[in-house]
Amino acid sequence: MDPSHAQTDLSSRLQQATTLARQVQQHPEAHQAFQAVLDEIRPQSSQAADLLEQLWGEYIGSQRSSLFWEQLSEVEKNLSERLSESHMQLKQNYLRLMQEQ
């Protein structure tokens, strides 16, 4: 295999690992795919492998953080909707009470 093809193969496999990592449920598969890439790079350059491993850890952390904030935002949205519904119900109850008097 010529070097440019090997580089493309590594790049595409790294891209596959990052794509898998976008879904938290697929993190074990993503880690496995990344480890295979890392195992191939380490004999050529341990320093590059160490740096790539650090970047991977940061990427996984950012994916988890992103998911956390998305879920928190969804909870906040649902809470806001329920609060708005409760407010409307209270307002309608108040108006009915005023009409009865």
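The table that follows gives values for the structure above.
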read-out: Test for D39: is it surrounded by 10 or more Cβ atoms within 10 Å (Cβ to Cβ), more than 12 Å from L14 (Cβ to Cβ), touching a helix residue (DSSP H, G or I) at 6+ places or on another chain (Cβ under 9 Å) and not basic (K, R); value: yes
read-out: Any hit, the range 36-49, residues being of a type in the set (S, T, N, Q) and outside any helix (DSSP H, G or I); value: yes
read-out: Number of positions in the range 58-101 that are among the small types (G, A, S) and at pLDDT below 95; value: 4
read-out: Filter pass, K77 being basic (K, R), over 30 Å from A33 (Cβ atoms) and either open to solvent by less than 70 Å² (accessible area, probe 1.4 Å) or more than 28 Å from the chain's Cα centre (by Cα) (or both); value: no
read-out: Residue list for the range 24-36, filter: of a type in the set (S, T, N, Q) and either under 19 Å from S12 (Cβ atoms) or surrounded by 15 or more Cβ atoms within 10 Å (Cβ to Cβ) (or both); value: Q26, Q32, Q35
read-out: Test: residue in the range 56-64 that is over 28 Å from S11 (Cα atoms) and hydrophobic (A, V, I, L, M, F, W, C); value: no
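The values are calculated or read from the model by the stated rules, or taken from the named source; none is laboratory data. No experiment lies behind these values; they were computed from the predicted model shown. Cβ: placed from backbone, ideal geometry, glycine included. Neighbour counts: every protein chain shown. Accessible surface is based on the protein model in full, side chains and every heavy atom, while ligands, DNA and RNA are left aside. Shrake-Rupley method; radii C 1.70, N 1.55, O 1.52, S 1.80 Å.
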